[in-house]
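In what follows, a structure is listed as structure tokens, so that the remarks can point back to it.
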Amino acid sequence: MHEMSLTQGIIDLCLEHAGTRRVNSVEVEIGLLSSAVPEAIEFCFEACSKGTLLEGAMLAIIRPPGKGHCQECLQETPLNELYGACQRCGSNRITITGGEELRVRAIEVED
Ligand SMILES: [Zn+2]
């Protein structure tokens, strides 16, 4: 499962950051255009964090919307799907500039 290795990466990063402290909460950004399924990440997070300093930590998932830069009208356009068209001129020549994120935004550790 794709999400399992993604989640393991998130957990490894948190543990590295936390050192010997317990992690209270983790904030993760998963763009709306990303192929990762948030529910699956939540599930894997719970399973993979068992027995680590992350066990019981709150996982907050933020979903930045998709957006792109249109090569035709040179404007920014919101994107609802990965291969969506420009909402201003209808062109498909879009460079995606947002919504594909998958990163840890914040880690809160115990004092
Ligand atoms: Zn356009």
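The values are calculated or read from the model by the stated rules, or taken from the named source; none is laboratory data. Here the structure is a predicted model, which is why all the values come from computation and not from measurement. Note that each Cβ is placed from the backbone with ideal geometry, even for glycine, and that neighbours are counted across all protein chains shown. Heavy atoms of the whole protein, side chains included, go into the accessibility calculation; ligands, DNA and RNA do not. Shrake-Rupley method; radii C 1.70, N 1.55, O 1.52, S 1.80 Å.
Computed from Cα atoms alone, the Kirkwood hydrodynamic radius reported for region 5-111 is 15.1 Å. Site pair Val37 and Glu55 shows an inter-label distance of 2.7 nm when each label is modelled 7 Å from Cα along Cα→Cβ.
Within the shell of other residues whose beta carbon sits under 14 angstrom from the beta carbon of Met58, the net charge comes to -4, with Lys and Arg scored +1 and Asp and Glu -1.
Distance from the C-alpha centroid of region 71-99 to that of region 1-70: 28 Å, rounded to the whole angstrom.
Taking region 90-110 and a reference point 7 angstrom along Cα→Cβ of Arg22, the backbone N atoms nearer than 13 Å belong to 109-110.
Axis of helix 2-18 versus longest Cα principal axis of the chain: the two differ by about 60°, to the nearest ten degrees. Checking every one of the GluC sites (Glu not before Pro) in region 1-81 against DSSP loop status and a limit of 11 other Cβ atoms within 10 Å picks out Glu81. Rolling a 1.4 Å probe over the protein heavy atoms of region 57-108, with every protein chain left in place, gives an accessible area that is 47 percent carbon and sulfur. Ligands, DNA and RNA are left out, and with a 1.4 angstrom probe the accessible area of region 1-41 is 50 Å² per residue. The Cβ shell under 15 Å around His69 holds other residues with a net charge of 0, Lys and Arg each +1, Asp and Glu each -1.
On a per residue basis, region 42-101 carries 62 Å² of accessible surface, using protein heavy atoms and a 1.4 Å probe. Kindly express, to the nearest 10 degrees and within the range 0 to 90, the angle between helix 38-49's C-alpha long axis and the longest C-alpha principal axis of the chain. Result, in degrees: 20.
Here is the short version for the chain: Cys14, Cys44, Cys48 have no other Cys C-beta closer than 4.7 Å.
Given R0 = 25 Å, the distance between the Cβ atoms of Thr95 and Asp12 translates into a calculated FRET efficiency of 0.20.
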